[in-house]
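One structure is given here, and the rest of the page talks about it.
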């Protein structure tokens, strides 16, 4: 069995819906064609980088379970016109083009010239895929043709731009991670006549569409509190809490938010990391925090879980919390 076939089998066992068209596309399209980085992590259901900017920002191809989930919720059909905001190395565009076929089209927009250059270099033999640089997410692209059956946003947005919803056909929809930079809801927004109907599909954590919005360096207390609140919601939904854990985590959120706004993040060199108030609060919240830390790590990566992973090292990241 090939690596990708074995991965897809694990994903299905983990509860990820994979239709026949999605399976065929993921088997036919090699992720190695879209990155020069090592792809071993991809087959353990983790994101892989495809580009690093001069400023040190990393752009990734999403983990396979998230790719499959996005494609599932897109409900793609042969011949559809699809817009993708966020290049993701060209991998998702190629999968989408494979599913909509030669009578469909895929138009990719990204604010990063480097990301679009990378995508074009990898999709030279895909005639149904068009890519162009977007001047601003909030401004409609100039001379951009047609209406949209489907729109997939592959990075964080605070809200949908007006030009995107205005061009959506009746019965069409937008799939996007909407919310603050630390955590979002995956939302499907469908047009029915003159009205838009949003449906929340679950919590996710994507990096921003625009690299200029990407946060660099260690997270501060409020950002960590945001992630813990997302973990609390997820654990509550999945009934994962043990006795007293929810109360302990809610107390940790309150304590983190009470720290001074001007407190430097851990690891900036202003004090030994073990003496930092954030680290001390996390140690005080043990063992509840330790048990939830793997979930928080996967949110930071940015995904909630890796159902197709081959193994998990429980010792990773516990000594310094990744700071």
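Derivation of every value follows stated rules applied to the coordinates shown; laboratory data play no part. Just so you know, these numbers come straight off a predicted model, no measurement behind them. Neighbour counts are summed over all protein chains in view; Cβ atoms, including those assigned to glycine, are modelled from backbone coordinates with ideal geometry.
Results, tabulated for the structure shown:
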item: For region 156-286: rounded, prolate or oblate by the Cα gyration tensor [a/c cutoff 1.5]; result: oblate
item: Virtual paramagnetic centre 7 Å along Cα→Cβ of residue 169, amide N under 15 Å, in region 181-206; result: 191-193
item: Kirkwood hydrodynamic radius over Cα pairs of region 3-213, then Stokes diffusion coefficient at 4 °C and 1.567 mPa s, in µm²/s; result: 75 µm²/s
item: Contact order relative to length of region 44-141, as percent, for alpha carbon pairs under 8 angstrom and 6 or more apart; result: 22 percent
item: Gain on full stretching of the segment that runs from residue 254 to residue 158 - 0.36 nm per residue minus C-alpha separation; result: 32.1 nm
item: Cα centroid separation - region 1-17 against region 231-257, whole Å; result: 31 Å
item: Full-extension gain in nm, residue 75 to residue 103, via 0.36 nm per residue minus C-alpha separation; result: 8.4 nm
